[in-house]
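Okay, so here's the structure we're looking at.
The values are calculated or read from the model by the stated rules, or taken from the named source; none is laboratory data. Keep in mind the model is a prediction, meaning the values are calculated, not measured. Positions of Cβ are backbone-derived with ideal geometry, glycine not excepted, and every protein chain shown enters the neighbour counts. Note: areas computed on protein heavy atoms with side chains; ligands, DNA, RNA excluded. Shrake-Rupley method; radii C 1.70, N 1.55, O 1.52, S 1.80 Å.
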Amino acid sequence: LRQSIHIVPMGPNDVAMAGQRYTLIQIADVSPTVARERLLKAHADRMSDLVHIDALTGLGNRRFFDESMAAEVRAASRTGAYLGLVMLDIDRFKQFNDLYGHPAGDRCLQAVADVLKAVCRRPRDLVARYGGEEMAVILPDTDSAGAISIAKEILQKLRDLGIAHANNLDQSVVTASAGVYAARPTADVSVTALIQRADVALYAAKSDGRNRVFCFDTERSAAVAV
């Protein structure tokens, strides 16, 4: 049993009156209280997790992404390590929803999320639903080559799923576009700069025909196909 023990010696006056010493030892069973506190803590931990999880996909949500990016940029700034970021967008997702319906769209998002979880399996890889059909992958200790490799693997595995998408023009299955940026965070490479440059690469990939990976090249100040 979980116990609470109180030991109370008699005061000097009581000892003098009794002619001998007595001590009161009170033992109470506090097992229910301990169990209740553990249950409340587990519930609080579960609620904390839910605040950071996207209910549909099981990925981190936008709040999780924002907090994780800030923490990883601080960590990389201290160590001088690379930090990679991949932004992905499902190609012509609105047309997919229009053709197949929103329940099918939800299943599509869940399938894409499963691909991200399968590919980004290192302990420190972080995946999140950035918003709508856009996903994000934070890759600590990963340079451009590593981030590009991850992005290409994600796009290939998504094509391999073969989810039918008749409105995807030249493609007959669901595809995605990806923008990549990796750098050693400094005063000039902030959270905002990382996201903006990965976004520039993403929109370049979509403008170039979709279903491909572009990477932001700092030296050229432009996104390039990879």
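Using the Karplus equation 6.51 cos²θ - 1.76 cosθ + 1.60 (θ = phi - 60°), what ³J(HN,Hα) coupling, rounded to whole Hz, does each residue of the range 126-131 give in order, writing x for Gly and Pro?
For the range 126-131, the Karplus curve yields 10, 10, 8, 8, 6, x Hz.
So what's the back-of-envelope 222 nm ellipticity for the chain, counting only DSSP H runs of four-plus at -39500 (n - 2.57) apiece and dividing by all residues, rounded to 500?
-15500 deg cm²/dmol
Taking Cα atoms of the chain, Rg/Rh with Kirkwood Rh, to two decimals?
Rg/Rh for the chain comes to 1.34.
Determine, from the Cβ-Cβ distance of T186 and S149 and an R0 of 30 Å, the FRET efficiency 1/(1 + (r/R0)^6), rounded to the nearest 0.05.
Efficiency for this residue pair is about 0.80.
Suppose we take every Cα in the range 91-154 and form the convex hull; what volume per residue is that in Å³?
83 Å³
Regarding the range 41-109, what whole-number volume in Å³ per residue does the convex hull of its Cα atoms give?
113 Å³
What lysines does K117 reach when the alpha-carbon gap must be under 18 Å and sequence neighbours fewer than 8 apart in one chain are set aside?
K152, K157
Over all directions, average the projected area of the Cα convex hull of the range 48-173 and note it in nm².
Taking a quarter of the hull surface, the average projection is 7.9 nm².
Quick check for you: with a 1.4 Å probe and neighbouring chains kept, what is the accessible area per residue of the range 1-62, in Å²?
On a per-residue basis, 82 Å².
For the range 138-219, with every protein chain kept in place, what is the accessible area per residue (1.4 Å probe, Å²)?
Spelled out: the 1.4 Å probe surface of the range 138-219, per residue, equals 45 Å².
What FRET efficiency do you get for S207 and V51 if R0 is 30 Å and r is their Cβ-Cβ distance, rounded to the nearest 0.05?
0.25
Grab the beta carbon distance between D98 and R36, set R0 = 45 Å, and tell me the FRET efficiency rounded to 0.05.
Once rounded, the FRET efficiency stands at 0.30.
Counting pairs of alpha carbon atoms under 8 Å apart in space and at least six apart in sequence, what relative contact order in percent does the chain give?
Once normalised by length, the contact order is 19 percent.
Pop out the carbon and sulfur fraction of the accessible area of the range 1-52 as a percent, whole number, probe 1.4 Å.
60 percent
Full-extension gain between A44 and R74, please, as 0.36 nm times their residue separation minus the C-alpha to C-alpha distance.
Length gained between A44 and R74: 8.1 nm.
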